[in-house]
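My structure is below; once you've seen it, I'll send some questions.
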Amino acid sequence: MLGTAAAFALFWAMAFPAQAGVMEDPVSYEAAVAAGVGAESTPASDEGSDSGASVLSPEQQALMAADPRWTARVNLYHAGGGGATGNDSLGCRPIAMRTIATDPRYIPRRTRLFIPETVGMRMADGAIHDGYWYASDTGGAIKGQKIDLYTGHGRGSMSPAMRYNQRRLTLVDAGRFDGCPPSWDSLPSQATQMASAGTNAGSN
C-alpha cells in the first residue's frame, strides 16, 4: 500500500497534470524574452485617464492660452452625509462638476469660469469635463483665494476630482452667465456660450 504522502503526491499529479513538469530551474528574464514569452501586447485602455479631450473648440483653445484672472486653493464638497444641502446661493440646484462656491468679493457670483487643469477630467459616468464651471454658490468659510468645487451626491462623487483637492488652480474669466448653471444634459449650444463670453468677458 502507498504511504499517505505518496498517495497525496499521486493524487495531486493526476488532478493537476499541467503542474507536473513545473519543477524545473527558474528561467531568467532575458531567456524568457528571447523565447518570446509574454510578447503579447496589452490592449490600449483609457479607463481612469484624462484621454478623450484632445479636440477643443476654438473658445476652449483661446481660454487655454489666456492668462488666468484668478488663482485659488480648491476644496471639494458634496451633498448628503453631512455635506451640502438645498439650493445654492442663487437659489439654483447645484450641478455636479459645474457649481463652484466662491468668495463673491474675489470672484463675483455669476462668473463663468474656465479651469484648464480640469479639461479632460474623466467623470464617474465616463463623460469628459470641458473645463467650464459656474460661480453660483458661496460659503461662510470661503474667504479670498479659496473655492469649493461641488462634485455631486455622496463622498464617492469626489473621487474623479480628488487630485485637485487642496491644490491651487488657475481660473480664467469666461464671461458671465444668466439663470442657473446648465445641467450636463441641457447645455446651451457652443455658439450661445461663445457669444456670451465674447459679450461679457472681463466684466464683473
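Every number here is computed from the coordinates shown, using simple stated rules; none is lab data. Not measured: the values here are computed from a predicted model. Don't worry about glycine lacking a Cβ; one is built from the backbone with ideal geometry, like all the others, and counts go over all protein chains shown.
At 7 Å along the Cα-to-beta-carbon direction for both D125 and Y106, put a label point, then send me their distance in nm to one decimal.
Going from the D125 label point to the Y106 one covers 3.0 nm.
Here is a further query. Convert 37 °C to kelvin, take the viscosity as 0.692 mPa s, use the Kirkwood radius over C-alpha pairs of region 80-146 as Rh, and evaluate the Stokes-Einstein diffusion coefficient in µm²/s, rounded to a whole number.
256
So between D178 and R163, what do we pick up on full extension, going 0.36 nm a residue minus the alpha carbon distance?
Roughly 2.4 nm would be gained on extension.
For the pair E117 and K143, how long in nm is the line joining their label points, each one 7 Å along Cα→Cβ?
2.2
How do the peptides 67-75, 145-153 rank, highest first, by the average count of neighbouring beta carbon atoms within 10 Å per residue?
145-153, 67-75
Assuming 0.36 nm per residue, please report the length gained on full extension of the stretch V55 to R93 beyond their Cα-Cα distance.
The V55-R93 span can extend by a further 10.7 nm.
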